[in-house]
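Enquirer: Dropping the structure in here first, questions after.
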Amino acid sequence: MYKISSELYFPPVSQASVQGILAQGGDLSSERLLLAYKSGIFPWFNPGEPILWWAPKSRMVLYFDDLVISKSMRSVLNRNIFTVTFNLNFKEVISNCSSIKRAGQYGDTWISQDMINAYCKLNEMGIAKSVEVWQDNELVGGLYGIDLGNIFCGESMFSKVSNASKVAFITLAKYLKKENYKILDCQVYNDHLDSLGCKEIDRDIFMEILNSRI
């Protein structure tokens with residue numbers, strides 16, 4: 001495993017371990033985080049432990065034409081019981097992602113205060129963005145991630161009421177398709193993402209998509 005120094009550098013993703021760990025250490029500066037995402041790498045570690053940087057062999061992604069909207073979800077969307085906004089309250093979204101135990105999130109409950117501060121700074125720079133889902137003027141669901149311009153890298157999502165995170169995900173996917181993004185990156189497999197139409201692709205294919213500007 002590569003040990004990161006103060007130098008702003010990551011080794012090639014092909015050097016990741018079988019488990020997907022590429023490097024350890026470094027910091028959560030905006031510059032390092034942005035370099036990581038542009039390089040196909042993301043941080044994932046438990047609070048109090050060294051920072052781990054991941055580039056798994058298989059990447060969970062959504063091709064927008066594969067988006068699955070169940071009959072029951074179509075009914076929820078058509079009833080307009082939720083209001084969806086973009087990037088209106090990033091800090092509240094990431095704080096909820098950190099504190100609420102929820103099924104089907106992108107990652108585990110690993111979002112420390114240092115992570116919140118780092119991603120809020122990226123939000124101020126226009127790089128990290130959020131989707132908020134409201135019901136009766138209360139924030140009941142949402143998600144956040146990194147916007148690379150051609151790929152949106154989803155980080156985590158939460159739900160206080162049934163279907164709220166699904167509404168956030170589906171609304172984001174429709175928006176990204178309209179804006180000609182290539183894929184929605186969901187990082188690692190889980191059943192919830194699979195049910196929404198996401199699938200695993202090889203890391204090399206993911207990197208080709210990431211590096212393509214066409």
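Enquirer: Keeping the other protein chains in place, figure out the carbon and sulfur percent of the accessible area of the chain, with a 1.4 Å probe.
Expert: For the chain, the apolar C and S fraction of the accessible surface comes to 48 percent.
Enquirer: Let me ask something additional. With runs of 4+ DSSP H residues as the only contributors, calculate the mean residue ellipticity of the chain at 222 nm using -39,500 (n - 2.57) per run, divided by the residue total and rounded to the nearest 500.
Expert: Taken over the chain, the calculation gives -9500 deg cm²/dmol.
Enquirer: Can you give the FRET efficiency to the nearest 0.05 for Q135 and Q113, using r as the Cβ-Cβ distance and R₀ = 22 Å?
Expert: The value I calculate is 0.20.
Enquirer: Here is a further query. Considering the Cα positions of the chain, please state its Rg to one decimal place and its Dmax as a whole number of Å.
Expert: So, for the chain, Rg and Dmax equal 16.6, 53 Å respectively.
Enquirer: Of all alpha-carbon pairs in the stretch 26-67, indicate the percentage at a distance above 13 angstrom.
Expert: 62
Enquirer: Considering only lysines 8 or more places apart in sequence, or on different chains, count the pairs in the stretch 95-214 whose C-alpha atoms sit under 15 Å apart.
Expert: Count of close lysine pairs: 5.
Enquirer: Using just the C-alpha positions of the stretch 87-202 as equal point scatterers, what log10 of I(q)/I(0) does the Debye formula give at each q in 0.21 1/Å?
Expert: -1.24
Enquirer: Please state the charge dipole magnitude for the stretch 34-186, taken about the Cα centre, from unit charges on C-beta atoms (+1 on K and R, -1 on D and E), reported in debye and rounded to the nearest 20.
Expert: Rounded to the nearest 20 debye, it is 480 debye.
Enquirer: Over the chain, with the other protein chains present, what is the accessible area per residue in square angstrom, probe 1.4 angstrom?
Expert: Heavy-atom SASA per residue in the chain reads 47 Å².
Enquirer: Using Cα pairs under 8 angstrom and six or more residues apart, how large is the relative contact order of the chain, in percent?
Expert: 24
The values are calculated or read from the model by the stated rules, or taken from the named source; none is laboratory data. Worth saying up front: this structure is predicted, and the values here are computed from it rather than measured. Virtual Cβ from ideal backbone geometry, glycine too; neighbours counted across all protein chains shown. Note: accessible area is taken over every heavy atom of the protein model, side chains too, but ligands, DNA and RNA are not part of it. Shrake-Rupley method; radii C 1.70, N 1.55, O 1.52, S 1.80 Å.
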